[in-house]
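What follows is calculated from the coordinates using simple rules that are stated; it is not laboratory data. On a predicted model such as this, the values are computed, not experimentally measured, just so you know. Counting neighbours? That spans all protein chains shown, and the Cβs are built from the backbone with ideal geometry, glycine included.
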Amino acid sequence: MSYQLRRFDLLRSSHPGFIGLAVAGLAVALVGVKMKSLAVMGVGGFLYTIAVCALQKPVLTVMLGILGAGGGVITFFAMPGQEMQGATFSQRLIALVLFIVLYLDLMGTLLMLGAYLYNLLVQTVGLGGIKIEIAEEGAEAEA
């Protein structure tokens, strides 16, 4: 038995408002970088994070949050680098929270972009998709 994956559907909603919010958040963050204002960068990053989490399915957000938390705990608590050696617990906790948020944003964006490109190549260009073949238990023993 074989199946062909024709479409990745990672979006919960493709509402133009959420997409506009993501673009606006990114623009505000870039303006903050240009102005060298941490507050403006933070507001832009917050808007972008809200938009990305609203666009993707909840299971993707939770999965990436768990992976980000695991990586952050290892990076900042279990095996801290030279930069974190003298940091207090509260500083490490703040670094962990920021790491999780950035991991959610970056990986969520990359996964959604990858799904969009896959769907574009399979549906529009007509390239073959991923083919999954599943064998039944009895068929393996006979073969």
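Points worth noting:
- The protection proxy used here, the mean number of other Cβ atoms lying within 10 Å of each residue, ranks peptides 110-118, 78-86 as follows, highest first: 110-118, 78-86.
- Within a Gaussian network of the chain (alpha carbon springs, distance under 10 Å), most fluctuating of 59, 125, 40: 125
- Alpha carbon Rg of region 49-134, scaled by the compact-globule rule 2.2 N^0.38 Å: 1.47
- FRET efficiency, residue 3 to residue 98 (Cβ-Cβ, R0 35 Å, nearest 0.05): 0.30
- Compactness of region 1-57, expressed as Rg and Dmax over alpha-carbon positions, Å: 15.7, 58
- Contact order relative to length of region 2-142, as percent, for alpha carbon pairs under 8 angstrom and 6 or more apart: 35 percent
- A Förster radius of 35 Å combined with the Cβ-Cβ distance from residue 127 to residue 90 puts the calculated FRET efficiency at roughly 0.10.
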